[in-house]
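Just below is one structure, and these are the notes that go with it.
Read the figures in this text as sums done on the coordinates, not as results from a lab. If you're wondering where the values come from, they're calculated on a predicted model, not measured in any experiment. Neighbour counts run over all protein chains shown; Cβ positions are idealised from the backbone, glycine included.
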Amino acid sequence: MGGASRWWLHHSLMALEASLRERGSRLVVARGNSATVLKEFVASTGAGAVFWNRRYEPAVIARDSAIKSELSAAGIEAKSFNSALLFEPHTIKNRQGGPFQVFTPFWKHCLELPIAPATKLAPGVQIPAPEKWPRSLEIAGLELRPEIKWDAGFASVWQPGEAGAAARLKVFAARAMENYADARNLPDRDGTSRLSPWLHFGELGPRQVWAAVQAKSKDSGVFPPSNGARVFLSEIGWREFAHHLLFHFPRTPEQPLRADFEKFPWAEDVGEEKLRAWQRGRTGYPIVDAGMRQLWHTGWMHNRVRMVVASFLVKHLRLNWTHGAAWFWDTLVDADLSSNTLGWQWSAGCGADAAPYFRVFAPVLQGLKFDGDGDYVRRWVPELAKLPAENIHAPWEAPMHVLAEAGVRLGDNYPHPIVDHATARKAALAAFKQLRGRAVVEADAG
Ligand code: FAD
């Protein structure tokens, strides 16, 4: 687990412990081999069965299957359930009986299937407690919070736990859902749900989201749901698609789905320095730097900007997408193996339904298009805050007096661009051509 996820987990466990106590129960935390610890708990509490919700990361599937066999072999009832997804990956097949690799037919197929209703424990229901509780480790003793206090900004933005999830879903459904289709691409607006970390940690399930959207639409007399609601639900569909892909292509966190990309000529020699500039938000491209700093300070980045910074890493710096995925893994509170893998492979052009590699996002144009007033950059890159909107996305093109009036000293308090866009674009396209050439030669030879 990355650092930001560990921060979330700490607070999430604290919230879970508090809500279990309200229902007369407790959270018991233990360290060790899962099956062994569970068997000890069963023995000490006289529990009749062990239940859990399924997860779909390859390593977790292997672990949980082993636990199930071991518990069953010991005569203990072991049952798992689906709560994380609307459609479990092994139940969805294309016409040929295989997995989908393109989103639109995947989602169309899913939407024809029934969705089980969301379930909820009624308020006040108590959970039966064992006569004697097993010993539990202190949550703080798990040392999930970072030693260096880089998480200072997280608490003002996030409330891990079920209550935080429910509150956020309510606010989003009431205020932003109807305009989602238009506002979701504007990073300075609160136009998306920001539900991703709660969904990842299972504090909120997609069936609950689904039900809330339908209920809100019915209440407002807009049924079937509005375009905003439908586009929003299709993003939940992308989350389903990501899980589908990871389940069927379990090696994709390390390997490109499209095998020809294994030979992509990455420019690994650009070195640590450029990677660090990207990580720290010091590339000299304001929209990229704003995104990377939003990530560092809050553990989250707007989807539009995730696409821009990812494209910058794989195309402008031509660094292997796995470097970017690793940084996101450590710094995102919503770090999720399936969605992160899909997002990075999509950006690098080597995944399912991916953006073609030759389509290189121009960071300045992306900034002008989606942050036209420059407010997103102003918020996260304060050293540029006084620049007018027409200069804020390309400060190196601003007249000297404009820079001076705004207190911007390029190369001093804000960097020059670490790569030139036109040159980088050409190099990226040349690398792609080299790959294509090779692929063609190999295809001929084969
Ligand atoms: P909303 O726009 O409100 O969407 C609602 C929900 O749908 C999200 O909470 C999320 O669960 C799901 N969703 C939306 N877009 C996507 C998508 N493209 N792929 C999969 N699920 C999606 N998302 C993660 O949850 N974890 C990651 O580690 C992650 N890494 C990414 C890396 C890259 C390079 C890119 C381009 C995208 C990544 N995403 C990841 C997808 C997406 O950026 C986030 O899910 C979204 O920004 C979360 O914000 P939100 O909750 O406001 O989304």
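For the range 290-443, just the Cα set please: Rg and Dmax, both in angstrom.
Looking at the range 290-443, its Cα Rg and Dmax stand at 17.0, 58 Å.
Using the Kirkwood radius built from alpha carbon pairs, what does the Stokes-Einstein equation give as D for the range 148-292 at 4 °C and 1.567 mPa s, in µm² per second? Write out the running numbers ahead of the final one.
On the way: Rh = 18.4 Å.
Taking Rh from Cα pairs, D becomes 71 µm²/s.
Measure out, as a whole number of angstrom, how far apart the alpha-carbon centroids of the range 127-182 and the range 94-109 sit.
Each part's Cα centre sits 34 Å from the other's.
Find how many whole Å separate the alpha carbon centroid of the range 301-325 from the alpha carbon centroid of the range 208-232.
33
Among THR192, THR119, which comes first, then next, by fewest other beta-carbon atoms within 10 Å? Please report the intermediate quantities before stating the final value.
Working: THR192 21, THR119 10.
By the 10 Å Cβ count, ascending: THR119, THR192.
Counting just the Cα atoms, what span does the range 58-135 cover along each of its three principal axes? Round to the nearest Å and put the largest first.
Cα extents, longest axis first: 52, 35, 19 Å.
I'd like the projected area of the range 1-142, averaged over all directions, using the convex hull of its alpha carbons. Report it in nm² with one decimal.
Taking a quarter of the hull surface, the average projection is 11.5 nm².
Could you check which residue among GLU112, GLU57, GLU178 shows the biggest mean-square fluctuation in a GNM of the chain with a 10 Å Cα cutoff?
Maximum among the listed residues: GLU112.
Could I get the Rg over Rh figure for the range 231-282? Both from C-alpha atoms, Rh via Kirkwood, rounded to two places.
On the way: Rg = 16.1 Å, Rh = 14.0 Å.
On the Cα set of the range 231-282, Rg over Rh gives 1.14.
Give the residues of the range 41-62 whose amide nitrogen is closer than 12 Å to a point set 7 Å from the Cα of LYS132 in the direction of its Cβ.
Of the residues in the range 41-62, 43-46 have backbone N under 12 Å from the label point off LYS132.
Work out which helices of the chain, taken as complete DSSP H runs, extend at least 20 Å along their axis over the Cα atoms and score a mean Kyte-Doolittle of -0.5 or more, then list them.
Working: long enough: 3-22 (29 Å, -0.23); 58-73 (23 Å, 0.30); 227-248 (31 Å, 0.02); 421-445 (36 Å, -0.04).
Answer set is 3-22, 58-73, 227-248, 421-445.
Using all Cα-Cα distances in the chain, what percent lands in each 10 angstrom bin from 0 up to the longest?
So the P(r) values, bin by bin, are 4, 18, 27, 26, 16, 7, 2, 0.
Take VAL333, VAL42, VAL308 and order them by how many other Cβ atoms sit within 10 Å, fewest up front.
Final ranking by Cβ density, sparse to dense: VAL42, VAL308, VAL333.
Sorting ILE148, ILE392, ILE236, ILE287 on the 10 Å Cβ count, fewest up front, what's the list? Before the final figure, lay out the partial values.
On the way: ILE148 6, ILE392 28, ILE236 19, ILE287 31.
Listing ILE148, ILE392, ILE236, ILE287 from fewest to most nearby Cβ atoms yields ILE148, ILE236, ILE392, ILE287.
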